[in-house]
Amino acid sequence: MKPRDTDTPFPMTPADLLIENALVVTMDKDFRVIENGAVAVGGNRLLGVGTTRDLKEQFRPERCIDGRRKLVLPGLVNTHTHSPMTIYRGFADDIPLREWLYDHIFPIEAIFTDPENVRAGTRLAIAEMLLSGTTTFNDMYYYVDEMARVVAQSGMRAVLNETIIDSPAPNSPTPAEGLAIANGLIENWNGHPLVTIGIGAHAPYSVAADLVRQTKALADRHHLPFNIHVAETRWEFEKILRQHGATPVQYLHGLDVLSPNMVAAHCVHLTEEDIGLLGTHGVGIAHNPQCNMKLGNGIAPIPQLLKMGAKVGIGTDGAASNNDLDMFDEMRSAALSHKLSSGDPTVMDARSVVEAATMGGARVLGMDGQIGSLTVGKKADLIVLDMDKPHAFPFYNIYSLIVYSLRGSDVDSVMVDGRMLVEGRKLLTLDIERLYDKLGRIARQIKKEAGKLGIVNHH
């Protein structure tokens with residue numbers, strides 16, 4: 001057989017896009033950081049991640065983007081939010097959670113949570129998240145079918161959970177109707193490339209034991225995420241302890257619902273036994289540092305949870321209790337709050353925090369095989385940040401730069417599932433200007449009705 005001519009080049013692989021000459025932070029298992037790096041995209045997948053020199057020899061792209069003075073990261077994963085609640089941003093601030101929820105939010109939601117407002121709030125949330133680098137979010141709310149349509153139209157990725165609660169919900173007067181809605185959502189959105197349906201039980205204090213079991217069984221039957229708020233406040237902790245003789249985590253353990261598909265939001269008030277249970281059962285923790293601080297709820301024992309093997313992601317919670325959906329802001333708060341509360345500047349180091357916002361969040365949602373790192377074969381969910389800014393110079397540790405210096409407003413481009421959704425800081429799939437007018441009208445209506453009900457926050 002004739003020997004191969006070593007001067008003959010290998011055939012080049014076609015690609016849709018090559019981002020070249022960039023600083024690429026992969027967040028892969030080896031935490032590779034590639035200077036003068038490149039990322040090749042084909043369809044909705046990552047075809048290549050390596051040096052610009054290597055990838056230019058390997059791929060023949062339809063389009064190239066020059067990444068000089070740019071940083072390429074996996075898209076951020078927001079593990080807990082309530083996106084339609086952007087319409088209540090700043091509505092009820094500087095008050096304790098129980099008063100905030102029962103005296104302000106629940107009454108006004110009963111009036112204004114309808115399909116039209118859910119669509120508007122979700123659009124605003126998606127615009128804010130995309131422009132600040134979030135490519136996947138995990139949401140608990142109502143009228144999830146309306147939310148799913150907005151997600152699909154925008155091109156973002158989301159896990160959407162119909163919230164089940166004992167009291168009448170805006171779109172389901174009874175829990176049985178809520179479960180029926182959830183079943184319909186599972187059927188309607190099965191196999192969608194961007195929308196994953198999950199099941200949400202509101203909280204141990206607002207959902208009866210049998211209903212918690214039913215919602216978890218439904219999630220398990222369809223291999224879906226199961227979301228629940230857990231141990232968010234001292235009030236909740238003491239209420240469950242008084243009623244059931246167990247902490248919220250121990251109570252849920254008794255109901256046999258702790259498992260790897262469970263996403264437990266907040267987890268602020270935990271005992272050592274609770275931490276062990278969550279770790280042993282591989283529960284996913286959605287850590288919401290800013291919301292927990294703003295409502296005075298405390299700081300979750302995240303370093304201890306990580307030591308015990310719990311999966312930890314970062315979430316913003318809703319804009320009514322945060323008040324923004326910027327994951328860069330949330331990362332910084334996560335790092336700083338744990339150093340302050342522990343008196344130890346080494347805890348929640350910058351790399352651990354970036355990991356929680358990317359691969360950690362993907363693990364919490366059971367999507368770590370698809371998203372969370374720049375790894376060949378994974379979905380092409382990535383963000384490009386402009387480092388040509390005074391606050392980005394100089395840098396010695398890229399993770400420190402990301403957590404302590406960079407901002408959501410530094411995000412230049414966002415790709416989800418191989419589709420560019422933001423480029424040059426411009427949204428490509430949402431008309432934000434039209435949305436502002438609509439939201440202004442909604443806000444005026446909310447203020448008027450709140451005044452009638454006497455629930456305006458005058459602080």
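Quick notes on this structure:
- Per-peptide packing, taken as the mean over residues of other Cβ atoms within 10 Å, places 39-50, 154-165, 91-102, 110-121 in the sequence 154-165, 39-50, 110-121, 91-102 from highest down.
- Between the C-alpha center of region 120-197 and that of region 289-322 there is a gap of 22 Å.
- Each residue, PHE106 and ALA176, gets one label point 7 Å from its Cα in the Cβ direction; the gap between the two is 2.3 nm.
- Karplus 3J(HN,Hα) series, Hz, for region 27-35 with 6.51 cos²θ - 1.76 cosθ + 1.60 (x for Gly, Pro): 6, 7, 4, 9, 6, 5, 10, 10, 7
- When the inverse distances between all different Cα atoms of the chain are averaged and flipped, the Kirkwood radius reads 22.6 angstrom.
- Cα-centred dipole magnitude for region 76-364, charges only on beta-carbon of K, R (+1) and D, E (-1), debye, nearest 20: 560 debye
- Which of SER373, CYS64, PRO193, positive extreme of dipole for the chain (C-beta unit charges): CYS64
- Placing a label point 7 Å from the Cα of ASN190 along the Cα-to-Cβ line, the residues of region 210-228 whose backbone N sits under 12 Å from it are 222-223.
- Efficiency of FRET between ALA208 and TYR396 - r from beta-carbon atoms, R0 60 angstrom, step 0.05: 0.65
- Separation of alpha-carbon centers, region 33-50 and region 398-422, rounded to whole Å: 16 Å
- Net charge dipole, region 190-339: roughly 120 debye, given to the nearest 20, about the Cα centre with Cβ charges of +1 for Lys and Arg and -1 for Asp and Glu.
- In whole percents, the pair-distance distribution calculated for region 99-187 from its alpha-carbon pairs, binned every 10 Å from zero, is 16, 46, 31, 6.
- With 32 Å as the limit, the listed pairs LYS379/LYS438; LYS307/LYS378; LYS239/LYS448; LYS56/LYS339 have LYS379/LYS438; LYS239/LYS448; LYS56/LYS339 beyond it between alpha carbons.
- For region 109-121, the Karplus equation 6.51 cos²θ - 1.76 cosθ + 1.60, evaluated at θ = phi - 60°, returns couplings of 4, 4, 8, 9, 7, 9, x, 5, 6, 4, 4, 5, x Hz by residue, with Gly and Pro reported as x.
- Viscosity 1.567 mPa s, temperature 4 °C, Stokes-Einstein D of region 285-357 from Kirkwood C-alpha radius, µm²/s: 107 µm²/s
- Of the peptides 188-199, 140-151, 229-240, the order by per-residue mean of other Cβ atoms within 10 Å, starting with the highest, comes out as 140-151, 229-240, 188-199.
- For region 130-147, the Karplus equation 6.51 cos²θ - 1.76 cosθ + 1.60, evaluated at θ = phi - 60°, returns couplings of 4, 5, 10, x, 7, 10, 9, 9, 10, 10, 10, 6, 10, 6, 4, 4, 5, 4 Hz by residue, with Gly and Pro reported as x.
- Check: region 377-441 dipole with +1 on Lys, Arg Cβ and -1 on Asp, Glu Cβ, in debye: 200 debye
- With 0.36 nm allotted per residue and the present C-alpha distance subtracted, the ASP166-ARG234 stretch has 22.4 nm of extension available.
- Low-density loop cleavage sites - trypsin sites (Lys or Arg not before Pro) in region 330-428, where at most 14 other Cβ are within 10 Å (DSSP): ARG425
- Note on SER259 and THR280: their simple-model spin labels are 1.8 nm apart, each label 7 Å out from Cα toward Cβ.
- Distance (nanometres) between label positions extended 7 Å along Cα→Cβ at VAL347 and VAL33: 2.5 nm
- Sum of -39500 (n - 2.57) over DSSP H runs of 4+, divided by residues of the chain (222 nm, nearest 500): -10000 deg cm²/dmol
- Annotation: extensible slack from ARG425 through GLU62 equals 128.5 nm (criterion: 0.36 nm per residue apart, minus Cα-Cα distance).
Quick note: the coordinates plus some simple rules give every number you see, no bench work behind them. The model shown is predicted, which means the values in this text are computed figures rather than measured ones. All Cβ positions, glycine included, derive from the backbone under ideal geometry; neighbour counts span all protein chains shown.
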